[in-house]
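Structure first, commentary second.
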Amino acid sequence: MKSKSATLEDVARYAGVSYQTVSRVLNKSANVSETTRRKVEEAIEALRYVPNRLAQQLVGKQSNTIGLVTTSLALHAPSQVAAAVKRYANQDGYQVLISMIDENVEQSIQSAINELKSQWVDKVIINVPLESENAEKIAIENDDIICLFLDVDPFSSVFNVSFNPADGTRASVKYLYEQGHREIAILAGPAHSVSARLRLKSWCETLDGYGLKPVTVLHGDWDARSGYAGALQMLRETPSFSAVLVGNDQMALGVLSAFHQHQLSIPGQKSVIGYDDTWESSFFYPALTTVSLDLDLQGKEAVRRLLNAGQKEDGRSSSVLPAKLVVRNSTGPKQDDTRDLQQIADTLRQLAQQLSS
């Protein structure tokens with residue numbers, strides 16, 4: 001038989017105080033002595049009392065909860081953003097309700113928002129790749145709450161905190177060009193993802209500025225498996241490439257694995273640049289050169305701007321965050337195959353002379 005949950009009145013009786021005193025302790029009021037506060041907290045722990053936050057919101061007519069609509073938290077970048085949002089919201093006394101959706105289904109975004117609204121959430125962060133017009137439609141249809149977007153074109157009209165896709169992509173191409181690479185392949189994210197398309201567009205425009213075209217352009221699904229499959233396809237169809245630009249670090253992990261299995265030296269025969277700079281990327285083998293997005297800063301900035309935003313749109317200030325290239329061990333100068341063959345020939349000649357002497 002399920003035991004009856006403790007009520008606020010039970011806590012008050014156990015602590016020997018009034019109902020109002022327990023309420024003041026739960027709301028962190030300063031008008032409670034330390035001794036009384038300790039008695040109430042001990043009663044809460046003893047009775048395992050769980051405050052009804054929804055009921056508190058109904059009484060106070062104010063929500064202390066932020067909603068987060070996000071794509072799969074199995075992916076590193078969304079999970080890091082979610083962790084940051086939760087951490088900084090908690091520091092400001094807010095809880096976070098997370099709704100994880102399939103980014104391919106636009107209707108599921110609205111369903112997630114509706115579910116959050118039903119729980120009296122009036123401030124929502126949306127971390128789903130969206131075209132500007134789709135984000136604008138969501139914002140208009142939900143003008144009774146504040147929606148802040150994290151994965152849209154940073155220069156769209158909606159309230160957003162985004163990264164400038166041109167920063168890291170241009171730096172990546174420039175670095176590879178200066179290292180002597182001219183045959184560069186691209187493994188982009190899903191074609192339906194706005195962030196993937198923005199990165200791809202910037203890579204291609206920067207290459208074009210150097211008079212280059214990508215050797216090949218393939219699309220993955222953000223996961224390591226699709227990175228592995230994409231690398232194998234490149235090696236079959238366009239093996240001459242010396243470097244590859246990858247849409248995120250998880251796909252880059254799959255690319256590295258495929259190259260290792262084919263006994264290709266990294267760097268040397270192949271150079272690899274990822275995107276996101278997730279926590280694990282510096283521990284890949286070799287450590288991954290990647291575009292660093294400060295996802296913790298994005299979560300922090302999103303929470304700050306959302307909580308400071310007024311109901312009027314002119315009080316909502318968007319932010320474009322910078323990205324930068326972090327050079328590690330997965331990239332290096334293009335290998336001079338002619339020089340390497342000459343070195344091999346010289347070595348063989350020296351061995352032949354030693355054997356004949």
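The values are calculated or read from the model by the stated rules, or taken from the named source; none is laboratory data. Since this is a predicted model, take the numbers as computed values, not measurements. Cβ coordinates were reconstructed from backbone atoms using ideal geometry, including for glycine residues, and neighbour counts include every protein chain displayed. Accessible surface is based on the protein model in full, side chains and every heavy atom, while ligands, DNA and RNA are left aside. Shrake-Rupley method; radii C 1.70, N 1.55, O 1.52, S 1.80 Å.
Quick notes on this one:
- Near pairs, Cβ below 7 angstrom, 6+ apart or cross-chain, from the range 27-54 (of a type in the set (A, V, I, L, M) and part of a loop (DSSP other than H, G, I, E, B)) to any residue that is at pLDDT 75 or above and surrounded by 12 or more Cβ atoms within 10 Å (Cβ to Cβ): V32/T21; V32/R24; V32/V25
- Looking only at the range 249-275, residues that are open to solvent by 10 Å² or more (accessible area, probe 1.4 Å) and either of a type in the set (D, E) or under 19 Å from L293 (Cβ atoms) (or both) come to 2 in all.
- Residue list for the range 74-97, filter: at pLDDT 90 or above, under 15 Å from the mean Cα position of the chain (by Cα) and either open to solvent by less than 20 Å² (accessible area, probe 1.4 Å) or more than 30 Å from V22 (Cβ to Cβ) (or both): P78, S79, Q80, V81, A82, A83, A84, V85
- Extreme residue, nearest to L97 (Cα to Cα), among residues of the range 41-67 that are modelled with pLDDT under 90 and β-branched (V, I, T): V50
- Meets criteria (among the acidic types (D, E), open to solvent by less than 40 Å² (accessible area, probe 1.4 Å), within 28 Å of S108 (Cα to Cα) and in a loop (DSSP other than H, G, I, E, B)) for D151: yes
- In the set (1) touching a helix residue (DSSP H, G or I) at 6+ places or on another chain (Cβ under 8 Å); (2) surrounded by 15 or more Cβ atoms within 10 Å (Cβ to Cβ), the condition left unmet by M100 is number (1).
- Restricting the range 1-26 to residues that are part of a helix (DSSP H, G or I) and open to solvent by 60 Å² or more (accessible area, probe 1.4 Å), the residue that is modelled with the lowest pLDDT is Y19.
- Annotation note: Cβ proximity below 8 Å between a residue of the range 228-244 that is within 20 Å of T169 (Cα to Cα) and at pLDDT 95 or above and a residue that is assigned to a loop (DSSP other than H, G, I, E, B) and open to solvent by 60 Å² or more (accessible area, probe 1.4 Å) (sequence gap 6+ or interchain) occurs for F241/E183; S242/R182; S242/E183; S242/Q269; S242/K334; A243/E183; A243/K334.
- Remark: pairs (first residue in the range 192-211, open to solvent by 40 Å² or more (accessible area, probe 1.4 Å); second residue modelled with pLDDT of 95 or more; Cβ separation under 6 Å; 6+ apart in sequence or on different chains) = Y210/Y177.
- Picking from residues in the range 159-170 that are hydrophobic (A, V, I, L, M, F, W, C) and open to solvent by 10 Å² or more (accessible area, probe 1.4 Å), the one that is farthest from A224 (Cα to Cα) is F159.
- The residue that is most open to solvent (accessible area, probe 1.4 Å), counting only those in the range 171-191 that are farther than 23 Å from Y228 by Cα and in contact with a strand residue (DSSP E or B) (Cβ under 9 Å, 6 or more places away or on another chain), is K174.
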